[in-house]
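Remarks on the structure that follows.
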Amino acid sequence: MPKRTDIASVMVIGSGPIVIGQACEFDYSGTQACRVLKDEGLRVILVNSNPATIMTDPEFADATYIEPITLEALTAIIAKERPDALLPTLGGQTALNAAIALDAAGVLERYNVELIGAKVESIRAGEDRQEFKGVVERAGAEVARSRIAHSMADCLAAAEELGYPLVVRPSFTMGGLGSGIAYSAEDLHRIAGAGLHYSPTAEVLLEESVIGWKEFELEIMRDKADNVVVVCSIENLDPMGVHTGDSITVAPALTLTDREYQRLRDIGLAVIREVGVDTGGCNIQFAVNPQDGRIIVIEMNPRVSRSSALASKATGFPIAKIAARLAIGYTLDEIPNDITGSTPASFEPSIDYIVVKVPRFAFEKFPAADPTLTTTMKSVGEAMALGRSFTEALGKAMRSIDKKGTRFHWRGEPPTAGDLEALIASTAVPTEGRLIDVQQALRATGTPGIAALHQASGIDPWFLDQICLINEVAEAVRLAPALGREVLEQAKRHGLSDEQIGEIRNLSEEAVREIRHAFGLRPVYKMVDTCAGEFAARTPYLYSSYDLESEVRPRTKPAVLILGSGPNRIGQGIEFDYSCVHASLVLGERYETVMINCNPETVSTDYDISGRLYFEPLTFEDVMEIYHAETEAGPVAGVIVQLGGQTPLSLAQRLADAGLPIWGTSPEAIDAAENRGVFGRVLADAGLPAPAYGTALSVAEAQAVAERIGYPVLVRPSYVLGGRGMEIVYDAAQLEEYMIKALPAGGRADAPVLIDRFLDDAIEIDVDALYDGQELFLGGVMEHIEEAGIHSGDSACVLPPVTLSNRDIARIRQSTEAIARGVGVLGLINIQYALMSDVLYVLEANPRASRTVPFVSKATGVPLAKAACLLMAGATIASLKADGVLPATDSALSLEPGYTAVKEAVLPFSRFRTAAGKIVDTVLGPEMRSTGEVMGRDRSFPAAFAKSQLASYGGLPMGGTVFVSVADRDKRSIIFPIKELVEMGFEVIATAGTASVLRRNSIPCREVLKVSEGGGQDGGPTIVDLILSGQVDMVVNTPSGAGARADGYEIRAAITAMNRPIVTTTQNLAAVVQAIEAEKAGPFGVAPIQEAVA
Amino acid sequence: MSRALLVLEDGRVFPGQAYGARGRTLGEIVFNTGMTGYQETLTDPSYRGQIVVMTAPHIGNTGVNDEDPESGQIWVAGYVVRDPARLPSNWRSRRSLDDELAGQGIVGICAVDTRAITLHLRERGAMRAGIFSGPAVVDAHGRAVPVEDLVDQVLASPPMAGRDLAGEVTTEMPYVVEPPAGIDTIAEVVAVDLGIKAMTPELLAARGVRVHVVPRSVTFAQIQALAPDGVFFSNGPGDPAAAGSELEVLRAVLDAGIPFFGICYGSQLLGRALGFDTYKLVFGHRGVNHPVLDKATGKVEITAHNHGFAVAMPTDSDEPVVAPYGDGRYGRVEVSHIDLNDGVVEGIRCLDIPAFSVQYHPEAAAGPHDAQYLFDRFIDLMQAG
């Protein structure tokens, strides 16, 4: 039963922007699918609003639409492209929901488009709680006892019957959004209230709690001939109660007997058949009672998922690729297993190693958020590691997280008996650091404490014993008279890093490494082969282990090592993976590309992308060992560190010092750009101004600096990334408050606090450019829509710039060239400028791939990352122009006429609640908090901006009520835009101060009470009441000063809870007004990027 | 932890630590790629005479329970694992695997690179090996025994080819497995125990079959005396070419037209009874993930395997062939199941007499349950006859 012949073109829907719960795993799966479908000779039509994806590169589809994933846009694309089929199972919940909407609107029927990969009925059966319950029961299994509710009254009645605690799950949301555990009626009101709102069908499921039960997942595939295979089993170390995306997970399942595992498999197969997933993959989750083995089916997703990406990387079985083939008619036995090349895909992988996935959180970005882990996913990324044992894999995974405090440690004394009880009790509440607390408690108790910790945390005793084993190994390291071979070997076999061993022995990491190498102790590299060694593998997908025999093959082709970016985090995500993948794609012909990364969600860790893949932590130790192994295998020409973001960059100097051939900009030059003094001299030499600045170690010093340079000032601690701890301070009182918070108890900082003049109302400009030592290529100039002071990652920006003159751009080019030369760039450089009063200030320069490289490349059609790699490999800008890789003139200057691209950030605020259950504050600032981005692309700025708003959160209102409350300094600049809104038919409501200003300018508006003015019986509703009852369609609220910030907080939290737009800057307001006008003017056109680029 | 050595007949030595009982064990070394089911594997009589390497690194996590063994004892000659569990964890666990191995005198080795061993066996084929620990690695004077001596001991042990082992594992006395309460008896089957796994009669009984398990030494007359609706030949250890009287008993069953079903060794015997050869695979099939195509339905099932030998039948055509034995007296026969990994014959079906067999394990235990339909086919065959 080979490929269907009645399908010639397929539309694939991507997952849109990276958000919590839906990240770059869908770029991985979508990219695989597009490649497969193209290889099969089909015309591929791709829709995805996310420009930072590999899948939206022009060569991966025949027609790539970077358009909002909305019913209107998709309908327009279908009308234009007339695809034979729509494949919606590779773009997460976004794509599935879009497919359901297209079906419901009759679009698929009208244009005769067949849904492949999943039927609407199967999607519903998998996702509708009540239907799913029936499915599971027909499959001979159990679900948790539950009741469906459509109102709060239903919820309370159900609680009477089922008792507390209760799990609340809204239907049709992703990543567990809106779900939670209610221990009381009060909790139920809060959680179910939000859940009813988030569910598009206003439906929540309340069910008996299985908190503390063992949690397992199976990844299953089925073809049209009803062949079914289980690709992978996954066990959650964190028991039920923590979203699987936030859990530490392990593959394969380690604490089930065959009988118990086969029972899960039988149920899984019965469910996938009953649901009717007839071609493709699904994920099914189980809870198992650790007391008696009772099995409860939790849920299933009839599509590829984060777990299926993990399973693919864990086993070498490419689920998305195979799902795409199954969707167009192949059966599993007709598809080869491309790791072995000799056996078919109709088998179940067997693995001879252990895989551990650890989530990465970003609570430090949302200090007000409750850090308790629940059934709503909150992690922003994950790292995976493979090892030949659980202990080895766990140690590697924890160090892959690349964040302080995320590894086991043996500092100080173990907890005392007095602290122990509280520590053990605290492990009942799952948090980011729970496993470290468990490890510390076990330090004190040893194996006799396992029972108590199991009782408190629900973590299986087998895992707890393994942590005891790690502690025992560490203790042996500590007690050994000398660091002998045997004790060192044991430590390495159980996953301790040189750094950890050094910490225990009070030695430097380097000293440990020297001793280790003196004993000849190095890791070996084993292959992931899907079959536990039964058949030879031809794909060099490798992981390290302290074991006997290595499988790295010798080669003659020179290698280039590409260091990836590790787990996704806010500020370092898919954009960097994009650049790394480009390096592999462009260098693959001349070099053996060797990718090093530990993020299972990414395209870069697809074994198909690079010559060799090392799935390894990005620490100095791990990179050095890979380098060593590869130098033994053949020549190593270079190491690329400038594409993967801060993680590889931070290793650059040490790697260079160790003699590794770093390609591109030298580590010294990277340092020059980061070092204020050195960079200051570069700017001075070039005659370029930077904002006045100073440093301070105390409150008094800070105030002196601020007096000198003038308020407002931008303050931040030294050595931070992604704007951590940055604030804009408008007066002396606020500065004092900041400094007191920032300073240690003694009142003097260890490292200086940096204070810059903040350029209020400046236009911020982002530039990406290439430099080869002689010549500059200006890739893109982006104008921020928010003013300077909002982190560039959170700010919307437009390319080409809308308000800059040719003279400004010429000045930017000159300055960029001067900086690139002064710093000594070879490859990419990103510079941020601020234009104020006709002075072009340099804010900062980063001689590396930036977050905006993919956006610029998509907007201009110029592959900047590829070009940068070729420069590093020895090409010049002149030669790249001659070869056609780069256009003859700067792409920043030669954009195809008439196209404007807007990048808009997507923010995760609705995921984060305070302990009291309120949404954390949503005001934007110098600290980046967005998780992803979209691109709106059209022929004018207003239309492109409107599309970006549609794509990022569903779009601007076309009418209704706007609430306006702005800081005094902004009151003047809102008059005209608000007037236009009124002319377009919006009703304006405002708090007293803003209302009087508006009225004085003859703008009609209704006055509304502030929260602080109270509601009460007589007072009427406050603005928050109005927002929460759905009577406000958009909020314009600019914060000023600490007091007003607090007052505005309630408003911002409420509107975010209602998922309506909020405008927090005046610049943004102007853009919003233009966009509403454009959207009202008529439907947008849609165009594939290939058309425009060609 | 005391030292142990795994010594292969080709001279390769893997040093590790003693696991289970201390001492010496010799056998054919093979690897099993199942990630679950070590208890079932250890107690599978087909592993008689074999040292089993587990490719899954963590073994013993769920301890040992009283429900999952496939026979009354551990049959493997030796056990090779990477990381044995220190603390078993499962609600059904009664004791640790380490204790169970030691208690049953099974010599094992751990902390070895099981993947390196597996790749070696994949390239060189299954071979003789020995595990040496405790008194087996030191001589009377407390000196380490030279490795060459250990290799010599391995080379002195009998190779698997040509070994008749079923007699060592078969039941001494016949016994009956009754259908569970509430299930009507619909058929009587004589199951010849050549190393039978407990799950096989259990699955037949669950379908209403009263199963008379008889020793390998059973005669055709004894079978006839039970007046069975069908005869079943089980899995078992050893080289089918070295089979004894059971081959003639099987031919008598076929001659009498009694419906026949065989599994694994039983399937190899059907092949030989029909006049085909059997041969030794390089490293065999041992695991729970092999894709097998059922040619009757075109469906692929994921199956449990444990075989080092296979039936040599032509697979290049889908057409049935005439069974060569006795001038074609058994009529036409076809390959009904085939392993999609390597094309090995996994099932045989006679078209003119009521007999069929599979090389793999529909009873699973350990392994997926995809092939349990074969027991229904056996019942259909008996009811058709």
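I'd like to verify a number: residues in the range A:424-435 that are crowded, with 18+ Cβ neighbours inside 10 Å, part of a helix (DSSP H, G or I) and without any contact (Cβ under 8 Å) to a residue 60 or more places away in the chain, how many? Here the count works out to 1.
When A:ALA314 is tested against (1) farther than 30 Å from A:ARG505 by Cα; (2) away from chain B (no Cβ under 14 Å); (3) surrounded by 22 or more Cβ atoms within 10 Å (Cβ to Cβ), only condition (2) is not met. Take B:LEU247 and decide whether it is among the hydrophobic types (A, V, I, L, M, F, W, C) and under 18 Å from B:VAL311 (Cα atoms). Answer is yes for this residue.
Among residues of the range A:322-332 being in contact with an Asp or Glu (Cβ under 8 Å, 6 or more places away or on another chain) and assigned to a helix (DSSP H, G or I), the one that is farthest from A:VAL44 (Cα to Cα) is A:LEU332.
Within the range A:353-370, none of the residues are surrounded by 24 or more Cβ atoms within 10 Å (Cβ to Cβ), modelled with pLDDT of 95 or more, assigned to a loop (DSSP other than H, G, I, E, B) and touching a helix residue (DSSP H, G or I) at 6+ places or on another chain (Cβ under 6 Å). Tell me yes or no: at least one residue of the range A:318-332 is polar (S, T, N, Q) and either within 13 Å of another protein chain (Cβ to nearest Cβ) or over 23 Å from the mean Cα position of the chain (by Cα) (or both). Yes, the range A:318-332 contains at least one residue that is polar (S, T, N, Q) and either within 13 Å of another protein chain (Cβ to nearest Cβ) or over 23 Å from the mean Cα position of the chain (by Cα) (or both).
Filtering the range A:612-639 to residues that are of a type in the set (A, V, I, L, M, F, W, C), out of contact with any Ser or Thr (no Cβ under 7 Å at 6 or more places or on another chain) and under 25 Å from A:ARG848 (Cα atoms) leaves A:PHE620, A:VAL623, A:MET624, A:ILE626, A:VAL636, A:ALA637, A:VAL639.
Hey, which of the strands (runs of 3 or more DSSP E) in the range B:1-101, taking only ones fully inside, have at least 1 residues that are within 14 Å of chain A (Cβ to nearest Cβ), surrounded by fewer than 24 Cβ atoms within 10 Å (Cβ to Cβ) and acidic (Asp, Glu)?
Values: elements: B:3-8, B:13-20, B:24-32, B:50-54, B:78-80.
Because the criterion is at least 1 residues that are within 14 Å of chain A (Cβ to nearest Cβ), surrounded by fewer than 24 Cβ atoms within 10 Å (Cβ to Cβ) and acidic (Asp, Glu), no strands (runs of 3 or more DSSP E) in the range B:1-101 meet it.
In summary, helices (runs of 4 or more DSSP H) completely within the range A:586-701 and bearing 3 or more residues that are touching a residue at least 60 places away in the same chain (Cβ under 8 Å) occur at A:620-633, A:646-649, A:667-674, A:676-686.
Scanning the range A:240-261 for residues that are more than 19 Å from A:ASN301 (Cβ to Cβ), within 13 Å of chain B (Cβ to nearest Cβ) and touching a strand residue (DSSP E or B) at 6+ places or on another chain (Cβ under 9 Å) yields A:VAL250, A:PRO252, A:LEU254, A:THR255, A:LEU256, A:ASP258, A:GLU260, A:TYR261. A single member of B:ILE258, B:ILE302 is assigned to a loop (DSSP other than H, G, I, E, B) and either crowded, with 20+ Cβ neighbours inside 10 Å or among the aliphatic types (A, V, I, L, M) (or both), and it is B:ILE258. Listed by position, the helices (runs of 4 or more DSSP H) enclosed by the range A:441-552 that each have at least 1 residues that are under 21 Å from B:VAL112 (Cβ atoms) and more than 14 Å from chain B (Cβ to nearest Cβ) are A:485-493.
Could we say that B:GLU28 is out of contact with any Asp or Glu (no Cβ under 7 Å at 6 or more places or on another chain) and either at pLDDT 95 or above or not assigned by TED's automatic domain parsing to the domain that holds B:ARG122 (or both) here?
yes
Restricting B:SER234, B:SER245 to residues that are among the polar types (S, T, N, Q), at pLDDT below 95 and under 27 Å from B:LYS280 (Cβ atoms) narrows the list to B:SER245.
Scan the range B:319-347 residue by residue and report those that are in contact with a helix residue (DSSP H, G or I) (Cβ under 6 Å, 6 or more places away or on another chain) and assigned to a strand (DSSP E or B). Residue satisfying the conditions is B:VAL322 alone.
Residue by residue, here is whether (1) out of contact with any Leu (no Cβ under 8 Å at 6 or more places or on another chain); (2) away from chain A (no Cβ under 14 Å); (3) under 22 Å from B:LEU247 (Cα atoms) holds:
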| residue | (1), (2), (3) |
| --- | --- |
| B:HIS305 | yes, no, no |
| B:PHE309 | no, yes, yes |
| B:PRO320 | no, yes, no |
| B:GLY326 | yes, yes, yes |
| B:GLY331 | no, yes, yes |
| B:VAL358 | no, yes, yes |
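Of A:ALA95, A:ALA153, all but one fail to be part of a helix (DSSP H, G or I) and in contact (Cβ under 8 Å) with a residue 40 or more places away in the chain; the exception is A:ALA95.
Taking the conditions exactly as written (more than 14 Å from chain A (Cβ to nearest Cβ), acidic (Asp, Glu), surrounded by fewer than 22 Cβ atoms within 10 Å (Cβ to Cβ) and in contact (Cβ under 8 Å) with a residue 40 or more places away in the chain), does B:ASP164 satisfy them or not?
yes
If you take the residues in the range B:111-152 that are touching a residue at least 60 places away in the same chain (Cβ under 8 Å) and surrounded by fewer than 18 Cβ atoms within 10 Å (Cβ to Cβ), which one is farthest from the other protein chains (Cβ to nearest Cβ)? Can you show your working first?
Here is the first cut: in the range B:111-152, the ones touching a residue at least 60 places away in the same chain (Cβ under 8 Å) are B:111-118, B:120-122, B:124-137, B:147, B:150-151.
The next check asks that each one be surrounded by fewer than 18 Cβ atoms within 10 Å (Cβ to Cβ); those that pass are B:122, B:124-125, B:134-135, B:147.
Numbers: B:ARG122: 6, B:ARG124: 13, B:GLY125: 13, B:GLY134: 20, B:PRO135: 24, B:VAL147: 16 Å.
The extreme case among them is B:PRO135.
Only one of the listed residues (A:ASP266, A:ASP223, A:ASP292) is within 14 Å of another protein chain (Cβ to nearest Cβ), acidic (Asp, Glu) and crowded, with 24+ Cβ neighbours inside 10 Å. That residue is A:ASP223. Which one is surrounded by the fewest Cβ atoms within 10 Å (Cβ to Cβ), of the residues in the range A:335-352 that are farther than 17 Å from A:VAL230 by Cα and within 11 Å of another protein chain (Cβ to nearest Cβ)? Per the stated criteria, the residue is A:SER342.
Might you check whether a residue that is of a type outside the set (D, E, K, R) and part of a helix (DSSP H, G or I) occurs anywhere in the range A:707-728? Yes; the residues of the range A:707-728 include at least one that is of a type outside the set (D, E, K, R) and part of a helix (DSSP H, G or I). Of the helices (runs of 4 or more DSSP H) contained entirely in the range B:142-244, those carrying at least 3 residues that are among the hydrophobic types (A, V, I, L, M, F, W, C) and more than 20 Å from B:LEU270 (Cα to Cα) fall at B:147-155, B:199-206.
Looking at the range A:274-291, is at least one residue assigned to a helix (DSSP H, G or I), farther than 19 Å from A:LEU237 by Cβ and either out of contact with any Asp or Glu (no Cβ under 8 Å at 6 or more places or on another chain) or in contact (Cβ under 8 Å) with a residue 24 or more places away in the chain (or both)?
Narrowing the range A:274-291 to residues assigned to a helix (DSSP H, G or I): A:274-275.
Subset that is farther than 19 Å from A:LEU237 by Cβ: A:274-275.
From the residues that got through so far, the ones that are either out of contact with any Asp or Glu (no Cβ under 8 Å at 6 or more places or on another chain) or in contact (Cβ under 8 Å) with a residue 24 or more places away in the chain (or both) too are A:274-275.
Yes, there is a match, as at least one residue in the range A:274-291 is assigned to a helix (DSSP H, G or I), farther than 19 Å from A:LEU237 by Cβ and either out of contact with any Asp or Glu (no Cβ under 8 Å at 6 or more places or on another chain) or in contact (Cβ under 8 Å) with a residue 24 or more places away in the chain (or both).
The values are calculated or read from the model by the stated rules, or taken from the named source; none is laboratory data. What you see is a predicted model, and the numbers here were worked out from it, not measured in a lab. Here Cβ is always computed from backbone atoms with ideal geometry, including for glycine, and neighbour counts include all displayed protein chains.
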